[in-house]
1. By how many nm would the segment from ASP100 to PHE171 lengthen if fully extended, with 0.36 nm per residue of separation less the alpha-carbon distance?
2. Let me know the Kirkwood hydrodynamic radius for the stretch 80-176, please, with Cα pairs as the basis and the value in Å to one decimal.
3. Would you mind listing how long the stretch 157-296 runs along its three principal axes, going by Cα atoms, in whole Å with the largest first?
4. Provide MET177, MET112 ordered by accessible surface of protein heavy atoms (probe 1.4 Å), highest first.
5. ILE142: net charge of surrounding residues, Cβ under 10 Å, Lys/Arg +1, Asp/Glu -1, itself excluded?
6. By accessible area of protein heavy atoms, probe 1.4 Å, what ranking do GLU132, GLU204 get, highest first?
7. Looking at the stretch 186-246, which chymotrypsin sites (Phe, Trp or Tyr not before Pro) are in a loop (DSSP not H, G, I, E or B) and have at most 11 other Cβ atoms within 10 Å?
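The values are calculated or read from the model by the stated rules, or taken from the named source; none is laboratory data. Small disclaimer: the values here were computed from a predicted structure and weren't measured. So basically every Cβ, Gly included, is an ideal-geometry build from the backbone, and we count neighbours across all protein chains shown. Each accessible area value is taken on the protein alone, full model and side chains, heavy atoms only, with ligands, DNA and RNA left out. Shrake-Rupley method; radii C 1.70, N 1.55, O 1.52, S 1.80 Å.
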Amino acid sequence: GYPALPHPSIQGRMNAVEHGQTQSESSRAEDGCKQGFIAEMAGTRLLSTLFPVLPAVKKDAIAHAILNDEGIRFVVDKGNFMQTEAVVPSGVFVHLESSDTYDFGLPVAEVMDCLNAAGDAASNARLFLKYERHGSAFVIEILQEGMRMNFEIATHESVPPEDMADDLDQFALKVVMSSIPLKEALAEIDWWGDSLEIFGQAIEGNLLFSSSGSFGSCQVDFQRLRGQFSTFECPDDIKFRYKLHTLKPLKPMLTLAKKVSLTITTGGLLKVQAVVPVEGTDKLCFIEHRTNSLVE
């Protein structure tokens, strides 16, 4: 079953020994698993890049982890108000084997502590992720230059994330664009108020952001970028308002991504998907943030 004890300290979870003493351990890491989940990645850089996005949704977040032969998904939500999901497809891994689909709660801060303890030197190491069975620890193993670091992170009982699918097939606005203008617009809007109004103009084919507060108001007009939209679909004029704090996870997401997709459903659910290139490869990961509009 799942342990009820507090998480052990990072010193208690790490084991680093000399190469000569770990040949059998390393061999087992490379042999794969007949039962459970095991995956190998080239270095820690990707996880170190993706995980800091998740605590922006909720401090001390427990991510809902889903592991199977299609890859890994990490979902953090705050009720049915906002949710962030990071997806690492199976093609990103050097090797992946899973005998089932496993889901459990994983403390985000614990994973980040492990990756930070490994340091920048591990960015080019061999990284193994392991999960033996339901209720076991999630293991991060790093092999590099004759050293092995092994971290065991206690898992939690799985709490499925809220269903925020809404009416995703009934979109009111769909825009695909470079991440840079969107990041700059949110940075500018952030100074002026605590909410963001998003306007979609059907005839003009334009996107507007607006915010106001005690110091005045600000409007960002994407008219000049119309030619740079890869996609712009807006059947009718729309206006939806969102709390700016629910868009906080977008800042680190947009820093990582080159291109983003922004979709608003007819019910006001905002979905922003960032395509994150895996450094040194042609592989892609995905981060998606969802938040509901304010009821007027």
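1. Extending this stretch completely gives an extra 22.1 nm.
2. Across the stretch 80-176, the inverse of the average 1/r is 16.4 Å.
3. That works out to 43, 39, 32 Å along the principal axes.
4. Ranking MET177, MET112 by accessible area, largest first, yields MET112, MET177.
5. Residues near ILE142 contribute +1 overall.
6. Of GLU132, GLU204, the descending order of accessible area is GLU132, GLU204.
7. TRP191, PHE215
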